[in-house]
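Notes follow the structure.
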Amino acid sequence: MRLLFLRHGMTKGNQERRYIGVTDEPLSEAGREMLRQQMAERDEKELPGIVFVSPLIRCRETAQILFPGVRQQVIPELAEMDFGIFENRAYQNDLEHSPEYQKWLDSRCEDQVPGGERKDDFTDRCRKGFEKALAILADEAKEQQAAAFVVHGGTIMAILSVYAKDRREYYEWNPANGKGFAGTWNGTCLERIEEI
């Protein structure tokens, strides 16, 4: 089965380079326009039968723009990482002098964010959400030729770092807004992955 993994379109927080994890902000107008342009260029053969989305509005809006009329299935476990005390703050002006932030960076962002999640726990949550989506797809196998996941950059990094046949580090799977990856699910891993 062909699976698409797309990061949501740009938000105001993304434009301002803030940590937007659990903050539920909509797409910016620039983000919507960028997605509309991508929609015009998209191959109709890539139309999925179902779109799995994070519960956050930026993902649901993106799915509606890119795949109008396609059924959306919300999977709460696919929400972005909780950035705790760094949430909705930018490195420049907000965090550059924060000892807590520097400590987290020194851990290669592996430690638990104060008041938020630890990367391993977040990855495990995303893994469970992906497996929940796979169970839904297994029930509908005869109906679905392709499925999409319109989620967050962190969610894509977490899933692909676990399930991609082509093993890469977590951060090597980081897509830009509105971009992502497509691959074939062979029952145990994702293979023939390409950037989209």
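Brief remarks on what is shown
Let's see how each residue does on (1) touching a residue at least 60 places away in the same chain (Cβ under 8 Å); (2) touching a helix residue (DSSP H, G or I) at 6+ places or on another chain (Cβ under 8 Å); (3) under 26 Å from Ile57 (Cα atoms):
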site: Arg108; (1), (2), (3): no, no, no
site: Pro114; (1), (2), (3): no, yes, yes
site: Asp121; (1), (2), (3): no, no, yes
site: Ala147; (1), (2), (3): yes, yes, yes
site: Gly178; (1), (2), (3): yes, yes, yes
site: Phe181; (1), (2), (3): yes, yes, yes
site: Asn186; (1), (2), (3): no, no, no
site: Glu191; (1), (2), (3): no, no, no
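- Total residues in segment 15-35, condition assigned to a loop (DSSP other than H, G, I, E, B) and touching a helix residue (DSSP H, G or I) at 6+ places or on another chain (Cβ under 6 Å): 6
- Selection from segment 73-106 of residues that are within 18 Å of Cys126 (Cα to Cα) and touching a residue at least 24 places away in the same chain (Cβ under 8 Å): Gln73, Ile75, Pro76, Glu77, Leu78, Ala79, Glu80, Met81, Asp82, Phe83, Gly84
- Count of segment 36-85 residues which are in a helix (DSSP H, G or I) and either surrounded by fewer than 19 Cβ atoms within 10 Å (Cβ to Cβ) or not β-branched (Val, Ile, Thr) (or both): 22
- Of all residues in segment 1-35, those satisfying the criterion of being crowded, with 22+ Cβ neighbours inside 10 Å, touching an Asp or Glu at 6+ places or on another chain (Cβ under 7 Å) and under 17 Å from Arg89 (Cα atoms) are Thr11, Tyr19, Gly21.
- Arg18 fulfils the conditions (1) basic (Lys, Arg); (2) at pLDDT 95 or above; (3) closer than 18 Å to Gly180 by Cα except for a single criterion, (3).
- Total residues in segment 86-101, condition closer than 22 Å to Gly13 by Cβ, at pLDDT 95 or above and either loosely packed, with under 12 Cβ neighbours inside 10 Å or of a type in the set (D, E, K, R) (or both): 3
- Index of the failed condition, Leu6 passing every other in (1) modelled with pLDDT under 95; (2) of a type in the set (A, V, I, L, M); (3) in contact with a helix residue (DSSP H, G or I) (Cβ under 9 Å, 6 or more places away or on another chain): (1)
The values are calculated or read from the model by the stated rules, or taken from the named source; none is laboratory data. From a predicted model like this one, the values you see are computed outputs, not experimental measurements. Reconstructed Cβ throughout: ideal geometry from the backbone, glycine too, with neighbour counts over all protein chains shown.
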